[in-house]
Amino acid sequence: ALRLPAPPAGAGAAARELDVASYRERVRAMFYHAYEHYLESAFPYDELRPLTCDGQDTWGSFSLTLIDALDTLLILGNISEFQRVVGVLQEGVDFDIDVNASVFETNIRVVGGLLSAHLLSKKAGVEVEVGWPCSGPLLRMAEEAARKLLPAFQTPTGMPYGTVNLLHGVNPGETPVTCTAGIGTFIVEFATLSHLTGDTVFEDVARKALKALWKNRSDIGLVGNHIDVITAKWVAQDAGIGAGVDSYFEYLVKGAILLQDEELMSMFLEYNKAIKNYTKFDDWYLWVQMYKGTVSMPVFQSLEAYWPGLQSLIGDVDNAMRTFLNYYTVWKQFGGLPEFYNIPQGYTVDKREGYPLRPELIESAMYLYRATRDPTLLELGRDAVESIEKISKVDCGFATIKDLRDHRLDNRMESFFLAETIKYLYLLFDPDNFIHNDGSDFDVVITPYGECVLNAGGYIFNTEAHPIDPAALHCCRKRKEEQWEVEDLMREFYSLKPKKFTLKRASTHGEGEGAKDPEDASSEKGGEKRNSKKSSHSLLSCPSQSFNSKLAVLGQVFLDNT
């Protein structure tokens, strides 16, 4: 394994930071190597084929890589290209096409990517229309794409079909069998759409689908892998945290944080108990039979590597780190995570030896680094950069690794490489990125519904790493009774005694500074830019809830004593 050069005696933090900066620039170069070759050789197709330097449509015909990479451009600071791509997408993307599309993939990549870009438009210097963020061309595109998915939800159970024709709706003869994740991974995008547009249908169908899965869990509290959306009978009864189930659990937590929804969080915490009871062995998670709890597959799947990051979101950092370190040993064994890894044998599973440059382990490292600052997490980032560049880089981009044992490549670069893998790597190495804002500054925009706070941080990433600003959900409805009851909510979950929180700003030494006078607010042209230390109640459409902002980074809500 490669080692970070040891800092010279006395150089300490500066040497480490220099190292982080150099890896950050290498990640930036990786992005542009892939992105520019997509534009040159593959656009307007969905994806780049890096071994033949051409393109192919995969999940529809949406110029998918362009939509997926759009918010990554802004995170890398490329405002001019962000603005150019917004124009290209408005002109060139049409959802009125006779194409069979995955309901799940279209939602997380297209709807999620467009919503995120819409909410980041002003930050990227795009001329936004009057009424933004409650209106705008990217929001209209996201809504149009989501409307094309709605026919899939018209089932007796409210659980959606897995595939829909964008022109004709659900095809006659379409299979009614959908994976659990394909049913439970809509609340983040659809609730955001409902809050911004005022049309409740999106949030309603997403909630109905979530609740149908909850209702159909087994007596021991587990859900299976695939279910018949007409009869609600489980077709695949393997229960675990990986492929086919993964983002259902992720969206219960993220939906709970985004919407301040106690019901979603309590659902997750119940599942979490059952998962620990039946599937967890020595900080690994196995697959078990959903009704009996007996082990069906002693396998680790690369998709499961999101779990430590999710654990960090609910404050379970110690368990998260232990599981992360197990997964990291697999990475070090192969220079990537094979799709399946047999835990007792300590080796790959036949026909599942590939690594399509997935982001999940890097995603968990990014979350855990925000929570712990443990340098081991930066080492995973370093290893990822080194091995992806060494094994996967080709003249026309980065190729999926077909087999980690002999480093054979496949002629595909999935759009999530630019949407997720590169983004999480960059954010791991960029502690000062606007995405990591701790709430110490924010923008105030004027909407038809009054003043509205945006860009204060706490972004919720959808499962394709598209960041959603939770504050935006409060911009487009005047609901005086609405309150963010973070403290009460978390106190109830953890049965803690009441505790007073104060809003602090982290100084360079990590110590909080006291709040200053609200009268000092400075303003800038084109929407006031204020410091939250100086905010007043009148800026918010709801009473401000005092809590420690240092403990609510990236949507993670921790209490002082957890």
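Looking only at residues of the range 390-432 that are without any contact (Cβ under 8 Å) to a residue 40 or more places away in the chain and either part of a strand (DSSP E or B) or of a type in the set (Ser, Thr, Tyr) (or both), we find that the one that is least open to solvent (accessible area, probe 1.4 Å) is Ser392.
For Ile227, indicate whether it is in contact with a strand residue (DSSP E or B) (Cβ under 7 Å, 6 or more places away or on another chain), open to solvent by less than 10 Å² (accessible area, probe 1.4 Å) and of a type outside the set (S, T, N, Q). Yes.
Residues of the range 64-113 being open to solvent by 10 Å² or more (accessible area, probe 1.4 Å) and of a type in the set (S, T, N, Q), which ones? Once the filter is applied, which keeps residues that are open to solvent by 10 Å² or more (accessible area, probe 1.4 Å) and of a type in the set (S, T, N, Q), the range 64-113 yields Asn78, Ser80, Gln83, Gln90, Asn100, Ser102.
Does at least one position in the range 212-232 carry a residue that is polar (S, T, N, Q) and under 22 Å from the mean Cα position of the chain (by Cα)? So far as the range 212-232 goes, yes, one or more of its residues are polar (S, T, N, Q) and under 22 Å from the mean Cα position of the chain (by Cα). With respect to the conditions (1) surrounded by 23 or more Cβ atoms within 10 Å (Cβ to Cβ); (2) part of a helix (DSSP H, G or I), Ser387 falls short on a single one, namely (1).
Among the criteria (1) crowded, with 23+ Cβ neighbours inside 10 Å; (2) closer than 17 Å to Ala465 by Cβ, the one Trp59 does not fulfil is (1). Could we say that Asp316 is without any contact (Cβ under 8 Å) to a residue 24 or more places away in the chain, under 25 Å from Ile220 (Cα atoms) and surrounded by fewer than 21 Cβ atoms within 10 Å (Cβ to Cβ) here? Yes; evaluated as a whole, the condition is true for this residue. Would you mind stating whether Ser116 is in contact (Cβ under 8 Å) with a residue 60 or more places away in the chain, surrounded by 17 or more Cβ atoms within 10 Å (Cβ to Cβ), closer than 25 Å to Val445 by Cα and among the polar types (S, T, N, Q)? Yes; evaluated as a whole, the condition is true for this residue. Could you check how many residues of the range 54-112 are within 20 Å of Ala146 (Cβ to Cβ), without any contact (Cβ under 8 Å) to a residue 12 or more places away in the chain and assigned to a helix (DSSP H, G or I)? Counting residues in the range 54-112 that are within 20 Å of Ala146 (Cβ to Cβ), without any contact (Cβ under 8 Å) to a residue 12 or more places away in the chain and assigned to a helix (DSSP H, G or I) gives 0.
The values are calculated or read from the model by the stated rules, or taken from the named source; none is laboratory data. Computed from a prediction, not measured in an experiment: that's the story for all the values here. Reconstructed Cβ throughout: ideal geometry from the backbone, glycine too, with neighbour counts over all protein chains shown. Remember, those area values only see protein heavy atoms, side chains included, never the ligands or the DNA or RNA. Shrake-Rupley method; radii C 1.70, N 1.55, O 1.52, S 1.80 Å.
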